[in-house]
Amino acid sequence: MANISLGAEVYTWFMRESGAAYENQLGHMIEMVEKAGFEGIEPMHFWMGDLTDPVKLADKLAQHNVKLAGIALVCDWNNPEETDDEKRQADDAIEILKKFPGSPLCTVQMPTGRHDLEQRRLNLVANVNAVSRRAHDAGLRCSFHPNSPDTSINRTEEDYAVILNGLDSSVTGWTPDVGHIANGGMDPLTKMKEFSSLINHVHYKDWDGNPEWTLMGEGKVDFPGITQWLVDQDLDGWIICEDEADKAIEDPDGVTLHDGKYCQEKLIPIING
């Protein structure tokens, strides 16, 4: 039986001024997530401000009956092994998550170009597996999240074949981001079916190809169909809305409320059967 929870990602707020406009306002984001009717929030590890302190974070989450739906660990991972700084960042995120049993570690590579593609894809796999092994040993659930900017090395069908087949499935799963899959020229549900055994965390954003993102429910991604498939697959985990529509730059609160309403009207009935 599926056990699916719905949450929101903080990137919707990060889009304005590359994070400067909402610096150290994770508390505000938690409040908006509650108002939107989401069950959880997924912050990025480098943008948690004062709430990097797990005691303060737990208190704020409890005040608003919001759960930590994971932490997105974003690093370059361009070398054959983690740099000292990358290892420190990963270990810091792991230490926070140890205080929140069941909250996953979601690894995301910072796109820096498609040069030296073959070697850098292998480097990425080695780094993600290394982080996931440490996190798994600490009792955490881990999941790798590909993305699709032109500078990403995990955006095309060939990239997916190399990287997803290279993941150590004993310690990490895959976060299909349906918008990024579509933006990389693939059909989201087809790709999810191909690697279904790896899925343990999911990201939703809508895509219209003009050139990329649009408000949830206004693009070409079949969220109801994908959600029904996830229910049928008995997914045990989070679906995280990470809306990157242009409107989010000026009104991330409004976009989050919009997405919450869409989920309540279109997706919750499917999840609840």
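The values are calculated or read from the model by the stated rules, or taken from the named source; none is laboratory data. As the structure is a prediction and not an experimental result, all values here were calculated from the model. When we count neighbours, we look across all protein chains shown, and the Cβ atoms used for this are built from the backbone with ideal geometry, even at glycine. Please note that ligands, DNA and RNA were not included when accessible areas were found on the heavy atoms of the full protein model with its side chains. Shrake-Rupley method; radii C 1.70, N 1.55, O 1.52, S 1.80 Å.
Within the stretch 36-46, does at least one residue satisfy the condition of being touching a residue at least 24 places away in the same chain (Cβ under 8 Å), out of contact with any helix residue (DSSP H, G or I) (no Cβ under 8 Å at 6 or more places or on another chain) and outside any strand (DSSP E or B)?
yes
Which residue, of Ser143, Ser103, is under 24 Å from Phe14 (Cα atoms), assigned to a strand (DSSP E or B), in contact with a strand residue (DSSP E or B) (Cβ under 9 Å, 6 or more places away or on another chain) and small (Gly, Ala, Ser)? It would help to see each step written out before you state the result.
On the way: Ser103 fails: assigned to a strand (DSSP E or B).
Checking each option against the conditions leaves just Ser143.
Can you tell which of Asp251, Asp259, Asp168, Asp243 is without any contact (Cβ under 8 Å) to a residue 12 or more places away in the chain and acidic (Asp, Glu)? Spell out the reasoning first.
Working: Asp259 fails: without any contact (Cβ under 8 Å) to a residue 12 or more places away in the chain; Asp168 fails: without any contact (Cβ under 8 Å) to a residue 12 or more places away in the chain; Asp243 fails: without any contact (Cβ under 8 Å) to a residue 12 or more places away in the chain.
The conditions single out Asp251.
Return the pair list, or none, for Cβ contacts closer than 7 Å from residues in the stretch 60-78 that are outside any loop (DSSP other than H, G, I, E, B) to residues that are open to solvent by 40 Å² or more (accessible area, probe 1.4 Å) and of a type in the set (A, V, I, L, M, F, W, C), at least 6 apart or on different chains.
Val74/Phe46; Val74/Met110; Cys75/Met110
Looking only at the stretch 46-57, decide whether some residue is closer than 24 Å to Arg120 by Cβ and under 15 Å from the mean Cα position of the chain (by Cα). Quick ask: steps written out before the conclusion?
First pass over the stretch 46-57, keeping only residues closer than 24 Å to Arg120 by Cβ: 46.
Right, trim to under 15 Å from the mean Cα position of the chain (by Cα) and you get 46.
Within the stretch 46-57, one or more residues are closer than 24 Å to Arg120 by Cβ and under 15 Å from the mean Cα position of the chain (by Cα).
Just to be sure before I move on: is Val33 among the β-branched types (Val, Ile, Thr) and more than 28 Å from Gly254 (Cα to Cα) in the structure I sent?
Working: among the β-branched types (Val, Ile, Thr): yes; more than 28 Å from Gly254 (Cα to Cα): no.
Taking the combined requirement at face value, the residue does not satisfy it.
Looking at the stretch 17-36, which of the residues that are among the small types (Gly, Ala, Ser) and touching a Leu at 6+ places or on another chain (Cβ under 8 Å) is farthest from Cys263 (Cα to Cα)?
Within the stretch 17-36, the first condition is being among the small types (Gly, Ala, Ser), and the residues that meet it are 18-21, 27, 36.
Narrowing the set further to residues that are touching a Leu at 6+ places or on another chain (Cβ under 8 Å) leaves 27, 36.
Working: Gly27: 22, Ala36: 9 Å.
In this case the residue turns out to be Gly27.
Any idea which residue in the stretch 219-247 is farthest from Thr172 (Cα to Cα), counting only those that are under 17 Å from the mean Cα position of the chain (by Cα) and among the small types (Gly, Ala, Ser)?
Among residues in the stretch 219-247 that are under 17 Å from the mean Cα position of the chain (by Cα) and among the small types (Gly, Ala, Ser), the one farthest from Thr172 (Cα to Cα) is Ala245.
Answer yes or no: is there a residue in the stretch 26-40 that is under 23 Å from Gly173 (Cβ atoms), open to solvent by less than 10 Å² (accessible area, probe 1.4 Å) and at pLDDT 95 or above.
So the first thing to find is which residues in the stretch 26-40 are under 23 Å from Gly173 (Cβ atoms), and the list is 38-40.
Of the ones still in play, those that are also open to solvent by less than 10 Å² (accessible area, probe 1.4 Å) are 40.
Retained after the next criterion (residues that are at pLDDT 95 or above): 40.
Looking through the stretch 26-40, at least one residue is under 23 Å from Gly173 (Cβ atoms), open to solvent by less than 10 Å² (accessible area, probe 1.4 Å) and at pLDDT 95 or above.
Is it fair to say Thr190 is at pLDDT 95 or above, surrounded by 22 or more Cβ atoms within 10 Å (Cβ to Cβ), polar (S, T, N, Q) and part of a helix (DSSP H, G or I)?
Working: at pLDDT 95 or above: yes; surrounded by 22 or more Cβ atoms within 10 Å (Cβ to Cβ): no; polar (S, T, N, Q): yes; part of a helix (DSSP H, G or I): yes.
For Thr190, the condition - at pLDDT 95 or above, surrounded by 22 or more Cβ atoms within 10 Å (Cβ to Cβ), polar (S, T, N, Q) and part of a helix (DSSP H, G or I) - is not met.
Checking the structure you have, find out if any residue of the stretch 123-135 is assigned to a loop (DSSP other than H, G, I, E, B) and open to solvent by 40 Å² or more (accessible area, probe 1.4 Å).
First pass over the stretch 123-135, keeping only residues assigned to a loop (DSSP other than H, G, I, E, B): none.
Checked against the condition, which is being assigned to a loop (DSSP other than H, G, I, E, B) and open to solvent by 40 Å² or more (accessible area, probe 1.4 Å), the stretch 123-135 yields no hits at all.
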